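Visitor: Here it is, the structure in full.
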Amino acid sequence: MCMAAIVVAVCLCACKTTSGSEHDQVIRTAIDLSDAYVAQGRTDEALDVYDRALAEADDYRLYFNKALILTSVSRNEEAAELCSTAFEKYPYILQFKKMQAYNCLIAGNIDAAEAAILELLMLNPYDNETRSQFIEELIRVGRNDKAYEQALILWNQGFKDKQTVGYLYSLKPEVWGNVYTQMNK
């Protein structure tokens, strides 16, 4: 393990890199060393490795892995902020927005979680898995009007299945009772 620490120190103390094999070596070394630290329960050291690596090689993999560690040790607000920063730099990686929403939710910041999910759904409106999870979470926290709006979006997108009708019926049985009965025959 000492040799790995020396290798990462040399890689991370080198001049800042943005591409090429040096860049990839910094990333691989940081991930490998951080994984070893996490396996030993030394998450602070693993996070420190990612901080040093990010100073040398700005890369989505470093942000993502650091956010995973923060999430695993219940530092959810930090993880959400890191995911927000990473999404600004890498807006094509929607997983950052999902992880941001998850961490906001776990941290108890329902409004921030909702904003992140709505942004995600604007970018990928036919992600019915995310929308369905969002509906279930809105129902869980008592935001039934918003859950109903999202269920209607699913319906209008053509997801006219038992799951969607189940959401609609559970939220407004007086409106969806006939459809629910027909679908469950």
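The values are calculated or read from the model by the stated rules, or taken from the named source; none is laboratory data. It should be emphasised that the depicted structure is a prediction, and the values quoted were computed from it without experimental measurement. So basically every Cβ, Gly included, is an ideal-geometry build from the backbone, and we count neighbours across all protein chains shown.
Visitor: Quick one: is A5 over 30 Å from F134 (Cα atoms) and at pLDDT below 95?
Guide: Here the answer is yes, as A5 does meet what is asked.
Visitor: Take A57 and tell me if it is buried (at least 16 other Cβ atoms within 10 Å of the Cβ) and more than 21 Å from P91 (Cα to Cα).
Guide: no
Visitor: Quick check on the stretch 65-121: of everything there that is in contact with an Asp or Glu (Cβ under 9 Å, 6 or more places away or on another chain) and among the basic types (K, R), which residue is surrounded by the fewest Cβ atoms within 10 Å (Cβ to Cβ)?
Guide: In this case the residue turns out to be K89.
Visitor: Continuing with this model, one more query. Which numbered condition trips up D145, out of (1) under 21 Å from L105 (Cα atoms); (2) surrounded by 12 or more Cβ atoms within 10 Å (Cβ to Cβ)?
Guide: (2)
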